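Comments concern the structure below.
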Amino acid sequence: MAASIAKFRIIVGALALLWVAVSSYPAGAQPTSVDPTANAVSEQQLLQQFKTIQGRGSIPDTKSYTIEQPAGRDWRHFHEVTLRWIGAVAILGVLGLLVIFYLLRGMVRIESGRSGHTIVRFNAVERFVHWMTATCFVILALSGLNITFGKPLLLPLMSPEAFTAWSEWAKYAHNYLSFPFTLGVFLIFFMWVAGNIPNQVDVEWFKRGGGMVRNDHPPAYRFNGGQKLIYWIVVLGGGAIAVSGYLLMFPFYGTDIQTMQNAEMAHSIIAMLFIAAMLGHIYIGTIGMEGAFEAMGIGTVDINWAKEHHNLWLEEVRTGTQPHLAQQQPAATPGE
Ligand code: HEM
């Protein structure tokens, strides 16, 4: 009898132990609650449970008390993965297309050769504004790309001290050159808006591929369809990049963390597309087309270049209906 009671006790004890073990088994099997103030709670446990890590602080800026949160992790993924893909595809993609185009088409020559007579295309003020904006753009693009790609691409090639010094200067340049860049976009808008209103002639120009594929010369006024596209990319893209850039430069002035993250995403995506578009513009203005660079370099173009690429504009200048340039035409000689 005593033996049976002892056996019974052992069985009951074992069952009780089993029940305690099963009911106290924590992970996955049953939902548990985390006591965030407990000593043994790890950061990872807190993240899994709450998706947010909130601390306590003594400074008045309560935003700083949020240490981690889901939107922050999404933004970090955008910045470190998605944006780099967008930038690489846009910039390398356009570069690749331009190389292929150049290999197939070569430089678009002045078909009828140079006449030896020139005509004023851009005056000194226009060229100054163009080069000021373009110089700022290139430095803003390089210093901005350093924020996106510097760590994976440049840091392995130099010492951390050198990378820090370069990044610091790049950041100063990015902040301060934003002002002349914004002024330049503003001036470009007013200076050239009259010649950049889209019209029927542009539709025809685009239908004929701008004459770039074959030796075709679709009619154009002072600015052709492609140049108008670049103009509006600069004005609208430049405006959007400036607004989003200033929101980033003056953080939390009327913005919260969500708006800051959106501003950064808008700024950086526009920047990548803007850089890709400007590569096309730089290509046409340099090795892509004979006689184009001098328009902005020295301000004049050969009459035959004007005839082939901007015949309606040349007509306007000759008949004096281009008031801005009509009085500056000593070089447009009667030889034409
Ligand atoms: C008014 C003009 C501009 C202003 C005020 C401005 C301002 C800023 C600011 C404050 C940042 C954040 C920097 C940081 O995280 O410390 C930034 C980032 C950046 N900017 Fe600009 N910017 C301007 C124009 C441009 C232009 C013209 C480009 C390129 C064409 C550009 C490309 C970039 C890029 C790629 C980033 C890095 C984005 C990232 O990886 O997070 N910015 N800009």
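The values are calculated or read from the model by the stated rules, or taken from the named source; none is laboratory data. All values derive from a computational prediction rather than experimental measurement. Here the Cβ is made from the backbone with ideal geometry for all residues, glycine too, and neighbour counts use every protein chain on show. Accessible surface areas use protein heavy atoms only, side chains included; no ligands, DNA or RNA. Shrake-Rupley method; radii C 1.70, N 1.55, O 1.52, S 1.80 Å.
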**Message:** Helix 160-192 against the longest principal axis of the chain: what's the angle in degrees, Cα atoms only, rounded to the nearest 10?
**Reply:** 50
**Summed side-chain charge close to residue 52 - residues other than residue 52 whose Cβ falls under 12 Å, Lys, Arg +1, Asp, Glu -1** = 0
**Fill in**
Partner lysines whose C-alpha sits under 27 Å from that of residue 51, ignoring same-chain residues fewer than 8 away, are 63
**Message:** Compute the distance from the alpha-carbon center of region 69-88 to that of region 147-183, in whole Å.
**Reply:** 19
**Request:** Normalising by the residue count of the chain, find the relative contact order in percent from Cα pairs under 8 Å and 6+ residues apart.
**Result:** 25
**Request:** Mind checking the full-extension length gain between residue 101 and residue 11? Use 0.36 nm per residue of separation minus the Cα-Cα distance, one decimal, nm.
**Result:** 23.9 nm
**Prompt:** Once the piece of chain linking residue 214 and residue 38 is laid out straight, how much longer is it, given 0.36 nm per residue of separation minus the C-alpha distance between them?
**Reply:** 55.8 nm
**Message:** Tell me whether the chain comes out rounded, prolate or oblate; compute the Cα gyration tensor, take square roots of the eigenvalues as a ≥ b ≥ c, and use a/c under 1.5 as the rounded threshold.
**Reply:** prolate
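Need one word for region 92-142: rounded, prolate or oblate. Basis is the Cα gyration tensor (sqrt eigenvalues a ≥ b ≥ c); a/c below 1.5 gives rounded, then a/b vs b/c decides.
Values: a/c = 5.21, a/b = 1.01, b/c = 5.16.
It comes out oblate by the Cα gyration axes.
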**Asked** Taking the Cβ of residue 78 as the center, what net charge do the other residues with Cβ under 15 Å away carry, scoring Lys and Arg +1 and Asp and Glu -1?
**Response** 0
**Request:** Please report, as a whole percent, how much of the solvent-accessible surface of region 175-332 comes from carbon and sulfur atoms (probe radius 1.4 Å).
**Result:** 71
**Item:** Reachable aspartates and glutamates from residue 151, criterion Cα separation under 12 angstrom, eight or more residues apart if same chain
**Value:** 80
**Fully extended contour minus Cα-Cα distance, from residue 236 to residue 257, at 0.36 nm per residue** = 5.1 nm
**Complete:** Here the net charge surrounding residue 248, from other residues whose Cβ is less than 13 Å away from its Cβ (Lys, Arg +1; Asp, Glu -1), is 0
**q = 0.10, 0.13 Å⁻¹: log10 I(q)/I(0) that the Debye formula gives for region 124-285, counting C-alpha atoms only** = -0.46, -0.73
**Item:** Estimated distance in nm for a label pair at residue 159 and residue 176, the labels positioned 7 Å out from Cα along Cα-to-Cβ
**Value:** 2.5
**Asked** Which of the lysines could be linked to residue 207 by a straight reach, that is with a Cα gap under 23 Å, when you skip same-chain ones fewer than 8 residues away?
**Response** 228, 307
**Item:** In degrees, nearest ten, helix 124-149 long axis to first principal axis of the chain (Cα)
**Value:** 20
**Request:** Any chance you could check the Cα centroid distance between region 268-292 and region 217-263 for me, in angstrom?
**Result:** 16
**Complete:** Distance in nm between residue 138 and residue 80 label points, each 7 Å along Cα→Cβ, equals 3.4
**Fill in**
So the angle from the long Cα axis of helix 2-23 to the longest Cα principal axis of the chain, reported in degrees to the nearest 10, equals 20
